[in-house]
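One structure below.
What follows draws every value from the coordinates through simple rules; no lab data is involved. On a predicted model such as this, the values are computed, not experimentally measured, just so you know. All Cβ positions, glycine included, derive from the backbone under ideal geometry; neighbour counts span all protein chains shown.
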Amino acid sequence: MKSLYERIGGKAAVEAAVDLFYKKVLADSRINMYFQDISMTDQIKKQKMFLTYAFGGAPQYPGKNLRDSHSKLKGLSDVHFDAVIENLGNTLVELGVPGDLIKEAAAIALSTRKDVLGR
């Protein structure tokens, strides 16, 4: 069976999704404050690498683990995590990704909650 990465359209799909996702995130007052003082160019690059890995398009992720990379974010909660998931889902819908693949992507994203929130 092909990976989710391949089934959603590979590199071009991940790149389009991440670019649109961050437009949504930066417009979302629930979470945009977490991105004010970082290089969005670097963040977008990291997210493209991470989703490529998470969706099965790469054997490993060369960046920090999720727990470490989010540990310095003060006040991060389920509300913020859910906003990110909502923006990801809306991005995939807008890009025309089929519902079953969106559910699969959501399951992968939701599986990171404990690490992102440091639990």
For the range 23-38 and the range 63-119, what is the separation of their Cα centres, given in Å?
14 Å
How are the C-alpha pair distances of the range 4-116 spread across 10 Å bins, as whole percents from the shortest bin up?
13, 50, 34, 3
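Let me know the charge dipole size of the chain about its Cα centre in debye, to the nearest 20, where only the beta-carbon of Lys, Arg (+1) and Asp, Glu (-1) is charged.
Details: 17 positive and 14 negative charges, 66 e Å.
The calculation lands at about 320 debye.
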If the reach is capped at under 16 angstrom between alpha carbons, list the lysines near Lys72, excluding any in the same chain fewer than eight residues apart.
Lys64, Lys114
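How do Tyr5, Tyr61 line up, fewest other C-beta atoms within 10 Å first?
Numbers: Tyr5 20, Tyr61 15.
Neighbour counts put them in this order, fewest first: Tyr61, Tyr5.
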Sum -39500 (n - 2.57) across every DSSP H segment of at least 4 residues in the chain, then divide by the residue count to get the 222 nm mean residue ellipticity, nearest 500.
-19500 deg cm²/dmol
Between Arg119 and Lys48, what is 0.36 nm times their sequence separation minus the Cα-Cα distance? Round to one decimal in nm.
23.1 nm
